[in-house]
1. Could you give me the ³J(HN,Hα) list for the stretch 53-62, computed from phi with Karplus coefficients 6.51, -1.76, 1.60 and θ = phi - 60°, whole Hz, x at Gly and Pro?
2. Got a sec to turn the phi values of the stretch 110-119 into Karplus ³J(HN,Hα) couplings, 6.51 cos²θ - 1.76 cosθ + 1.60 with θ = phi - 60°, whole Hz, x for Gly and Pro?
3. Near Val39, within a Cβ-to-Cβ distance under 14 Å, what is the net charge of the other residues, with Lys and Arg +1 and Asp and Glu -1?
4. With θ set to phi - 60°, apply the Karplus curve 6.51 cos²θ - 1.76 cosθ + 1.60 along the stretch 97-108 and write out the HN-Hα couplings as whole Hz, x wherever there is a Gly or Pro.
5. Could you pull out every residue, at least 5 positions away or on a different chain, whose amide H is within less than 5 Å of the one on Val28? Hs are placed 1.01 Å off N in the peptide plane, and Pro or chain starts have none.
6. Please provide three numbers in whole Å: the alpha-carbon extents of the stretch 35-122 along the principal axes, with the largest listed first.
Amino acid sequence: MAILVPIFQQLIGINVIMFCAPILFKIVGFDDQASLMSVVITSIVDMVATFVSIASVDKLGRRTLFLEGGVQMIICQIIVGTLIRIKFGVTGAHIELSKSYTGLVVAFICIYVSAFAWLLLG
């Protein structure tokens, strides 16, 4: 029973990203359709990363995958938070973001999602 608590906490952390992704992508400048497309992209990234981690768990070991995934998730959360803070500040003022800037945010969100697959198998 004690092992279920950390696993449940991991699932809550990824749910924040996966379920709030459309809102996050709208905030960084995507329209409604592109926001949904970004969710599809993150889901595909999650699926591919899961297969990659399944294939590499025997070579690298569970501990390595766990540590790599955890560090990668922390770094990505800090970077995404910093990128959004730089542009929106504490007031949340509406600012137009460039395509490259939004692409950068989406890329780090995808890296975060892929790290979850490594963490889960670790």
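1. Calculated HN-Hα couplings, in order: 5, 5, 5, 9, 5, 6, 6, 8, x, 5 Hz.
2. 5, 5, 4, 5, 5, 5, 5, 5, 5, 5
3. Summing Lys and Arg as +1 and Asp and Glu as -1 gives -2.
4. Using θ = phi - 60°, the values come out as 9, 6, 4, 5, 5, 5, x, 5, 4, 4, 4, 6 Hz.
5. Amide H to amide H, under 5 Å and 5 or more residues apart or across chains, Val28 pairs with nothing.
6. Principal-axis extents of the stretch 35-122 (Cα, largest first): 47, 24, 16 Å.
Every number in this text was worked out from the coordinates using simple rules, so none of it is lab data. The model shown is predicted, which means the values in this text are computed figures rather than measured ones. Note that each Cβ is placed from the backbone with ideal geometry, even for glycine, and that neighbours are counted across all protein chains shown.
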